[in-house]
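Structure, as structure tokens:
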């Protein structure tokens, strides 16, 4: 049996989702972790500690500024104090129609006090590579400046709390 109630874990997850995916406040996102949290990014590396997470997440999200996260579903495992969330790593298509996506799954361990002490990320490496190439070609064909516009037009069909503004600049 876990140490925390489902409602507490759910509330912390919604704050976490809002800080990162919706608000794209990566400094605020880092504050959702304990001082000694472990962040395991199975492709890009692992880090330990809130400040290490912050030092990594802020520049990497700027590097991939055209990318945003579209929620598909999540579940809370109260017995293990964990949240599992399935999402699409999304770019709006530069033609103005549709998206270019690759899937990801995140597992979080809730530590109490509104904080997480573990994040483990899994995403499709072949999908990520293929969509990067597809997006670059689409930008070249339709709108070479699209990346800088940071559009977020297709948040998906998740609950209202999972969706943000139509662009990074409107958030």
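Each reported figure results from applying straightforward, stated rules to the coordinates on display, with no laboratory input. Everything quoted here is computed from the prediction, not taken from an experiment. Cβ coordinates were reconstructed from backbone atoms using ideal geometry, including for glycine residues, and neighbour counts include every protein chain displayed.
One Cα centroid belongs to segment 101-123, the other to segment 7-70; the line between them spans 9 Å.
Return 58, 125, 22 ranked ascending by Cβ neighbour count within 10 Å, so the fewest neighbours appear first.
The most exposed by this proxy come first: 125, 58, 22.
Beta-bridge orientation, the chain: approximately 85 percent antiparallel, per DSSP, counting only bridges with both partners inside.
Legend: ranking of residues 149, 5 from fewest to most surrounding C-beta atoms inside 10 Å; resulting order 5, 149. The angle between the Cα long axis of helix 50-63 and the longest principal axis of the Cα atoms of the chain comes to about 10 degrees, rounded to the nearest 10.
Arranged from fewest to most other beta-carbon atoms within 10 Å of their beta carbon, 143, 25 become 25, 143.
Can you run the Rg to Rh ratio on the chain? Use alpha carbon positions and the Kirkwood inverse-distance Rh.
Ratio of gyration radius to Kirkwood radius: 0.98.
Compared with the direct C-alpha span, the chain from residue 4 to residue 34 gains 9.2 nm at full extension, assuming 0.36 nm per residue.
The simple spin-label model puts a point 7 Å past each Cα toward its Cβ; for residue 77 and residue 51 those points are separated by 3.3 nm. Extension gain, residue 133 to residue 11: 0.36 nm times the residue separation minus the Cα-Cα distance gives 40.2 nm.
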